[in-house]
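Since the structure comes first, as structure tokens, the remarks are kept for the end.
The values are calculated or read from the model by the stated rules, or taken from the named source; none is laboratory data. The model shown is predicted, which means the values in this text are computed figures rather than measured ones. When we count neighbours, we look across all protein chains shown, and the Cβ atoms used for this are built from the backbone with ideal geometry, even at glycine. Quick note on the areas: whole protein, heavy atoms, side chains included, nothing else; ligands and nucleic acids left out. Shrake-Rupley method; radii C 1.70, N 1.55, O 1.52, S 1.80 Å.
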Amino acid sequence: MEDKLTGLLRSDVFVEKAINLMRVISRSDGSNRYISVIVADMVGLKKINESGEGGHAKGDEALKLAAEIFTRAFRVTDLISRWHDRGDEFIVFLPLTDEEGGAGLIARLSEELDRKGVSFRFGISSAACPLTKINEKSCREYLASLAREADEKLISQKNISKKKPRKRSAS
């Protein structure tokens, strides 16, 4: 059930648990039926892995540290996974959380990551959980669309940061 490296949920388990939560939320009577998805990308992992000093072992340690920070920063009710069970992307499912609430959680997470010297970019998407009867296929499609939207925002953020001029140090 867990990613061997990070101890986070495997992607397939993450999806099944998220679908189950979506079903529960869709049947609730409350007004807060929002769900949010965050996709996060670790900055510089490739560079760490390709460095001569420890290489992939250092990269693995950075991923483990990030997983620990994610676990502490989010709520017990949130689902966290290393997305696609490889690489440097993480995904978080936030039940009963609108985009503003998710942005607040990202801010808290970013502070903790900064303190530990780990850098991430984030994309977030949020939507009201469907009020109609929901089946596994519709939940799967809904979750996939939220993840795609968050990923597109993440890619957009990557493209913007690539276009920013880099500061040069005075020689």
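Residues in the stretch 53-75 that are more than 29 Å from Gly102 (Cα to Cα) and among the charged types (D, E, K, R) were compared, and the one that is nearest to the chain's Cα centre (by Cα) is Lys58.
Consider Asp41 against the criteria (1) under 18 Å from Leu154 (Cβ atoms); (2) of a type in the set (Asp, Glu); (3) open to solvent by 70 Å² or more (accessible area, probe 1.4 Å): it satisfies all of them except one. Which criterion is unmet? That leaves (3) as the condition not met. Being crowded, with 19+ Cβ neighbours inside 10 Å and touching a Lys or Arg at 6+ places or on another chain (Cβ under 8 Å) is a description that applies to Leu9.
A count restricted to the stretch 48-68 and to residues that are exposed (fewer than 14 other Cβ atoms within 10 Å of the Cβ) and more than 13 Å from Val118 (Cα to Cα) stands at 8.
The single residue among Glu99, Glu112, Glu50 that is of a type outside the set (A, V, I, L, M, F, W, C), more than 19 Å from Thr6 (Cβ to Cβ) and over 14 Å from the mean Cα position of the chain (by Cα) turns out to be Glu50. Restricting the stretch 129-169 to residues that are under 22 Å from Leu79 (Cα atoms) and of a type in the set (Ser, Thr, Tyr) leaves a set whose member that is modelled with the lowest pLDDT is Ser138.
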